[in-house]
1. Which aspartates and glutamates have a Cα less than 19 Å from the Cα of LYS71, not counting those fewer than 8 places away in the same chain?
2. Starting from the amide H of ARG221, placed 1.01 Å from N in the peptide plane, find each other amide H under 5 Å away whose residue is 5 or more places distant or on another chain.
3. Give the long-range amide H neighbours of VAL231: residues separated by 5 or more places, or on another chain, with amide H under 5 Å away, using H modelled in the peptide plane at 1.01 Å from N.
4. For LYS194, list the lysines whose Cα falls under 26 Å from its own Cα; do not include residues on the same chain fewer than 8 positions away.
5. Report the Cα centroid-to-centroid distance between region 107-161 and region 31-88 in angstrom, as an integer.
6. Take the Cα pairs of the chain, get the Kirkwood Rh, then feed it into Stokes-Einstein at 20 °C and 1.002 mPa s and tell me D in µm²/s.
7. So which aspartates and glutamates pass the test for LYS41, namely a Cα distance under 17 Å, with those fewer than 8 places away in the same chain ruled out?
8. Taking R0 as 56 Å, what FRET efficiency do you get between ASP271 and ALA380 from their Cβ-Cβ distance, rounded to the nearest 0.05?
Amino acid sequence: MDFRDSPAQAEWRIQVQDFLRDYCPQEIRGKFPMGRPEEEKPLWEAWRVALAERGWIAPAWPSEYGGAGMKPMDQFILSQEFAEAGAPRLGGLGLMMLGPTLIEHGTEEQKQQHIPGILSGEVEWCQGYSEPGSGSDLASLQTRAVRDGDDYVINGQKIWTSLAHRAHWMFMLARTDPDAPKHRGITYFLLDMKTPGITVRPLVNMTGGHDFNEVFFEDVRVPTRNIMGEVNRGWYVGTTTLDFERSSIGTPIGLRQSVERNLTWLREHKDEIPQTTYEANRFEWAERFIEVQTATMLAYRIISMQDAGEIPNAESSIAKLFTTELSQRIARTASHMVGMWGDISDENAPLRGMPGVGYVNQVRETIAGGTSEIQRNIIATRGLGLPRA
């Protein structure tokens, strides 16, 4: 693996850096579009326009669907520089997960209907996968969809549905053939959240935040034109979506930046910490920094495969497993560093209480997007060729 940029890649990297300097204001760096202050709206809109004009909201998408048709390595460099600068990416689940799946499996009518709203940010999406009894073993899901004329009627429940309370549409899996083997009787639906029969209830997490929800379906009618892919073969469309979710260069860069912020605090407060505690923290952060470099190498491995025309599978699971467990170790080390303040999530605490908030918030990282146990199974069977237990 050659880590050096080719002359063309080096020139492209400079172009991206120049763009960020000219078009990405400091006021929005490191932030998310949701919950933006009213006075920042013109900055966000100008940023969206600048990205859209270049096809950089979805740089890898074909130009006919509003992307830039970038090759994998060019997109990798773009993502790398955006992450280093703290430049916000737009689009949410619609951009990250549904859009690429739609381009791969959707009908032309579905693409024309949904892609413009994804790119403009006007339409938010949520994911209807997990159920109370079907999380890690997703293929055991029981939400039913029964054909009735030109519609399917859906009954059941989804849980841990991120941002369902804000979403306009949901991409979801439902069982359409209860007698088929569990992976073969599932269909992938696109569901308007304004459809009668949908109830969304909040699930407040341990930090007091409201991202997750449970969603109930009572005789919800979905037109057959809202099926993506083939009836009863939605599992294979759904796994495509998960593969897009599990691959990113931005995550290890963000983790490295988190380590660097914590190290800065440790150096600035060296005289306030007992010498033995300070030395113990230094060694812990050294371990975390080495692990961040490992996470970065895993991201390089994935992009090298994509650049060669290969499709990462077990490799994406390795990256997802390692980076999410690393995020928890970083949060734990930050809590150790600030001592008893690590139990307090208050703005007046060291680092504005982020070690305490981060420690609690990172619990979900190894669950969302496929648990660590599931990732290890994928690595074992698909990566190492081991037999199923």
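No lab work stands behind these numbers, since they all come straight from the coordinates. What you are looking at is a predicted structure, and each value in this text was computed from that prediction instead of being measured. Ideal geometry is used to build each Cβ from the backbone, glycine not excepted, and the neighbour counts take in all protein chains shown.
1. ASP2, ASP5, GLU11, GLU53, GLU81, GLU104, ASP243, GLU245, ASP307, GLU310
2. Counting only residues 5 or more places away or on other chains, the set is ILE154.
3. none
4. LYS111, LYS158
5. 26 Å
6. The diffusion coefficient I find is 95 µm²/s.
7. GLU27, GLU122
8. Calculated transfer efficiency: 0.70.
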